[in-house]
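A.B. asks: I am attaching a structure below and will ask some questions about it afterwards.
The values are calculated or read from the model by the stated rules, or taken from the named source; none is laboratory data. Everything numeric in this text was worked out from a predicted model, so none of it was measured. When we count neighbours, we look across all protein chains shown, and the Cβ atoms used for this are built from the backbone with ideal geometry, even at glycine. For the accessible areas, the whole protein counts, side chains as well, though only heavy atoms, and no ligand, DNA or RNA atoms are used. Shrake-Rupley method; radii C 1.70, N 1.55, O 1.52, S 1.80 Å.
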Amino acid sequence: RSGDGDSEVETPSTTIPPDRPIDPAASWIPYAWSRSTGNLVPDGTNGAFGPFRDQLLVAELTNGMLLRAQLEEVDGVTQGACFKFMQRLGSASRVVFAPDGSLIIGFTNRGWGGYPPGHGLARVRYKNIEPMEIDRVSIQPDGFDLEFTKPLAGDVEPGDVTMTAYDYNWWWDYGSPEQNVHTMPVTATSMADDRRTLHVKAPIEAGWCIRMRLD
């Protein structure tokens with residue numbers, strides 16, 4: 001704090017948070033996945049790029065990845081989930097869809113130590129082989145519904161799912177490690193008749209980042 005004796009002005013500090021609440025993010029990308037996120041582009045190819053229609057493809061420079069993000073609106077609040085899409089591509093800084101539905105990736109690292117190659121272009125095409133992936137995650141009052149691109153062959157028990165909750169510091173300093181990390185118990189799992197939707201029951205609460213792993 002600084003002042004002339006009559007008034008004080010709060011200045012930015014690494015220990016004093018801003019004097020207003022944090023604006024909630026629609027989705028947090030794990031720092032372990034993306035340390036230098038580039039741009040993002042919605043998949044409006046109507047299936048030419050695969051099954052993830054209307055989701056976002058996100059460039060990632062440091063780890064040389066493409067990420068996939070999915071958003072949904074619940075009671076007027078936008079939230080979502082993100083997934084690894086492709087790895088070890090190069091210093092992906094910019095992505096854009098071409099007219100034929102392929103994805104053009106622009107590489108650059110500009111001395112930031114991105115994943116090689118650090119310059120040039122690449123094209124990603126869909127080979128018309130549908131992958132086995134989590135298509136999207138939808139929040140429910142008692143947990144999450146996970147929709148898959150293909151039916152699951154086996155059953156998924158609660159012990160097969162690990163769920164970790166965390167949040168971040170709200171401060172002036174750059175970045176934040178994961179804070180208040182704790183395991184969230186998975187109390188039940190159930191499968192839809194078509195075996196493409198898995199319901200994961202857990203005592204979720206608003207405001208947390210949730211990392212889910214299916215073993």
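A.B. asks: Given the conditions (1) at pLDDT below 95; (2) touching a Pro at 6+ places or on another chain (Cβ under 7 Å), which single one is not true for Thr108?
C.D. replies: Failed condition: (2).
A.B. asks: Report, ordered by the first and then the second residue, all pairs with beta carbons closer than 6 Å, sequence separation of six or more or different chains, a first member in the range 126-148 that is within 17 Å of Ala48 (Cα to Cα), and a second member that is assigned to a loop (DSSP other than H, G, I, E, B) and small (Gly, Ala, Ser).
C.D. replies: Close Cβ pairs (under 6 Å, with a partner that is assigned to a loop (DSSP other than H, G, I, E, B) and small (Gly, Ala, Ser)) amount to Tyr126/Gly50.
A.B. asks: Looking only at the range 142-170, filter to residues that are open to solvent by 80 Å² or more (accessible area, probe 1.4 Å) and either within 25 Å of Pro21 (Cα to Cα) or of a type in the set (Gly, Ala, Ser) (or both); which one of those is farthest from the chain's Cα centre (by Cα)?
C.D. replies: The qualifying residue farthest from the chain's Cα centre (by Cα) is Ala153.
A.B. asks: Same structure again: Given (1) at pLDDT 90 or above; (2) surrounded by 12 or more Cβ atoms within 10 Å (Cβ to Cβ), where does Ile16 come up short, assuming only one miss?
C.D. replies: (1)
A.B. asks: Here's another thing I want to ask about it. Answer yes if at least one residue in the range 58-75 is within 22 Å of Glu178 (Cα to Cα) and loosely packed, with under 14 Cβ neighbours inside 10 Å, and no otherwise.
C.D. replies: no
A.B. asks: Can you tell which of Ile129, Ile104, Ile139, Ile134 is open to solvent by 60 Å² or more (accessible area, probe 1.4 Å) and hydrophobic (A, V, I, L, M, F, W, C)? Quick ask: steps written out before the conclusion?
C.D. replies: Working: Ile104 fails: open to solvent by 60 Å² or more (accessible area, probe 1.4 Å); Ile139 fails: open to solvent by 60 Å² or more (accessible area, probe 1.4 Å); Ile134 fails: open to solvent by 60 Å² or more (accessible area, probe 1.4 Å).
When all the criteria are applied, what remains is Ile129.
A.B. asks: Looking only at residues that are under 20 Å from Thr108 (Cα atoms) and assigned to a loop (DSSP other than H, G, I, E, B) in the range 34-57, which one is least open to solvent (accessible area, probe 1.4 Å)?
C.D. replies: At the first step, the residues of the range 34-57 found to be under 20 Å from Thr108 (Cα atoms) are 34-41, 57.
Now narrow it down to the ones that are assigned to a loop (DSSP other than H, G, I, E, B): 34-36.
Values: Ser34: 10, Arg35: 128, Ser36: 44 Å².
Among them, the one singled out is Ser34.
A.B. asks: Pick from the range 171-187 the residues that are open to solvent by less than 40 Å² (accessible area, probe 1.4 Å) and among the aliphatic types (A, V, I, L, M): which of them is nearest to Trp208 (Cα to Cα)? So that I can check it myself, show each step before the final result.
C.D. replies: Going through the range 171-187, the residues open to solvent by less than 40 Å² (accessible area, probe 1.4 Å) turn out to be 176, 184, 186.
Remaining after also requiring among the aliphatic types (A, V, I, L, M): 184, 186.
On the way: Met184: 11, Val186: 16 Å.
Per the criteria, the residue is Met184.
A.B. asks: Follow-up question, since we're still on this one. List pairs: first residue in the range 107-120 and free of Cβ contacts under 8 Å to residues at least 40 places away in the same chain and within 18 Å of Gln87 (Cβ to Cβ), second residue open to solvent by 90 Å² or more (accessible area, probe 1.4 Å) and of a type outside the set (A, V, I, L, M, F, W, C) anywhere in the structure, Cβ distance under 6 angstrom, at least six positions apart or on different chains.
C.D. replies: So the pair list comes out as Phe107/His119.
A.B. asks: In this structure, does Ile29 turn out to be out of contact with any strand residue (DSSP E or B) (no Cβ under 8 Å at 6 or more places or on another chain), within 20 Å of Gly175 (Cβ to Cβ), assigned to a loop (DSSP other than H, G, I, E, B) and at pLDDT below 95? Lay out the reasoning, then the answer.
C.D. replies: On the way: out of contact with any strand residue (DSSP E or B) (no Cβ under 8 Å at 6 or more places or on another chain): no; within 20 Å of Gly175 (Cβ to Cβ): yes; assigned to a loop (DSSP other than H, G, I, E, B): yes; at pLDDT below 95: yes.
Spelling it out, it is not the case that Ile29 is out of contact with any strand residue (DSSP E or B) (no Cβ under 8 Å at 6 or more places or on another chain), within 20 Å of Gly175 (Cβ to Cβ), assigned to a loop (DSSP other than H, G, I, E, B) and at pLDDT below 95.
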